[in-house]
Amino acid sequence: MAATAQPKITYTATPAQIEEMHDAFDAALAEARSTLGRTYPMLIDGVERFAAETFEVRAPADRALLLGRFPSGTKTDAEDAVASARAAFPAWSRRPYAERVATLRQAAETIRERKFRLAALLILEAGKNRAEAIGEVEEGADLIDAYAGQVEEHDGFVRNLDALDPTERNRSLLRPFGVWAVLAPFNFPHALSAGMSAGALAAGNTVVYKPASATPIAGYELARCFLDAGLPPGAFNFVTGGGGVVGAALTRHPDIDGVVFTGSKEVGLDLFKSFSTDFPKPCITEMGGKNPTIVTRHADLAKAVDGVARSAFGFSGQKCSACSRVYVEQPLHEEFVTSLSRRASELVVGDPAERDVYVGPVIDEAAVERFEAAVAAAAGGTIRAGGERLTAGAHGRGTFVAPTVVDGLPVDHDLFKRELFLPFVVVAPVSGLDEAIDLANDTEYGLTAGIFTEDPAEIDRFFDRMEAGVVYANRKGGATTGAWPGCQSFCGWKASGSTGKGGLGPYYVQQFLREQSQTVVVAPDDEDVDAVQAAGE
């Protein structure tokens, strides 16, 4: 069966929905394992480039497993990539938008044709389980299509305007800035890289793309999809290396016209404050969250437990949108905590290549250390589930921690405030919905939030008062997670984002464009003013 004929799998898929895909996964994993250990190149102006020094990429589920080696790029490599993108910009930006869109749609189709291989590599490199991995690849293709569609929907962002003078013909155009740096995170190395790059490319910009050093294989494979689909050499450049060298060389380069970044608040704010020097330049940042779920006395308890468990422990909590704190109205508090703790203890933790595993490893030893510090900080409360690093048997080869539920901490405790990026959730009782909303909003972040209640009036109050860009009610498939292109915009408020316009949503591509107003004055007796205007363009 062709890859494109397979049913689509999203982050909210059930085990039954992916059961028929296991055979394809097994074959893709076997093929991916046969290619491990190779040295990968950078891709600058469509040409492979290596470096004197390399860094290793190892599987978080088995640190002894070498997945590949990548060039430790230099400042010169970054500068050459920018020069390549600058040289490619005039031709790419002047292509009719229908041609740009067609190339991007071919890239999306190429991803779908390769989706099991791409997903298998995500399992090995990022530690995602099968459902999360295939969902991410599907999302990447859908993001490209969605952003291409935005350009089509708006006719290339050209709009005729009114005129006070009958001899004037006015119009507004959105035009590309030039060269964009795309700086991607480790946790969604395919989907977010595809989406950020596609937004820039669909608008007519060219791209220099740097993946996270923990997950560059996903970045290389995405680059191959774009270039194999017919993107011109230089329009998309792929560079690897440390953020302090390659990342800094890109964000400080005078020929980088815009930057789009997903990652930590600390790095994102630093970038936002430092990127514009001589004049303002666009800086699109998505910087994480401390995402709450509220469970009222009117909730369906089973839905709430399912939704929180999926959002808190899916991909080991390493999602910007992961649920990490829950406020439960007193009458349901103990029953909810007991049920959630039982669910957490039942989740299968292990090698994500195995079909029955739900929770894979955290990305590296630094994440384990952060987990152990969080457990230590929870000493004043009660650890109801988890709380330990897993080291027995096969767990000892990787970076595995147990899904953890903590109860009994004061609501002003640091663990209710600080983003952890771990399978770690804290729960507190509240007297009612108003207190819960006040506590949910008492954070510097504002990315996602969820509520479980069967009372429509409570849902309305929650939506009206929550200071978050993505809000969900009664979502069993994920209390705070699972946004999909064209279905839910993914927009961070407060310290979670810089622009007020979200990825996945209808206003994303416009952020990679700037407006130009054009006026042509024609003679009153011209018979074909439209032709005159066209000639003047």
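The values are calculated or read from the model by the stated rules, or taken from the named source; none is laboratory data. Just so you know, these numbers come straight off a predicted model, no measurement behind them. Note that each Cβ is placed from the backbone with ideal geometry, even for glycine, and that neighbours are counted across all protein chains shown.
Details
- Identity of the residue in the stretch 443-483, without any contact (Cβ under 8 Å) to a residue 24 or more places away in the chain and not in a helix (DSSP H, G or I), that ends up nearest to A302 (Cα to Cα): A473
- Yes/no for T382 being surrounded by fewer than 18 Cβ atoms within 10 Å (Cβ to Cβ), farther than 13 Å from R63 by Cβ and assigned by TED's automatic domain parsing to the domain that holds S324: yes
- Residues in the stretch 53-88 that are farther than 30 Å from V401 by Cβ and without any contact (Cβ under 8 Å) to a residue 12 or more places away in the chain: T76 only.
- Test for F70: is it surrounded by fewer than 18 Cβ atoms within 10 Å (Cβ to Cβ), within 26 Å of the chain's Cα centre (by Cα), among the aromatic types (F, W, Y) and closer than 28 Å to N129 by Cα: no
- E153 passes every criterion in (1) of a type outside the set (S, T, N, Q); (2) at pLDDT 95 or above; (3) in contact with a strand residue (DSSP E or B) (Cβ under 8 Å, 6 or more places away or on another chain); (4) surrounded by fewer than 19 Cβ atoms within 10 Å (Cβ to Cβ) apart from (3).
- Residues within the stretch 424-442 that are surrounded by fewer than 18 Cβ atoms within 10 Å (Cβ to Cβ) and touching a residue at least 60 places away in the same chain (Cβ under 8 Å), tallied: 3
- Residue within the stretch 294-306 that is within 30 Å of A392 (Cβ to Cβ), assigned by TED's automatic domain parsing to the domain that holds H395 and crowded, with 24+ Cβ neighbours inside 10 Å present: yes
- The stretch 151-174 residues that are touching a residue at least 12 places away in the same chain (Cβ under 8 Å), paired with ones that are outside any strand (DSSP E or B) and loosely packed, with under 15 Cβ neighbours inside 10 Å (beta carbon under 6 Å, 6 or more apart): T167/P524; N170/A163
- For S264, the criteria (1) within 26 Å of V427 (Cα to Cα); (2) buried (at least 22 other Cβ atoms within 10 Å of the Cβ); (3) among the hydroxyl-bearing types (S, T, Y) hold in every case but one, which is (2).
- Only residues that are within 20 Å of P361 (Cβ to Cβ), out of contact with any His (no Cβ under 8 Å at 6 or more places or on another chain) and not in a helix (DSSP H, G or I) were counted across the stretch 324-350, and they come to 3.
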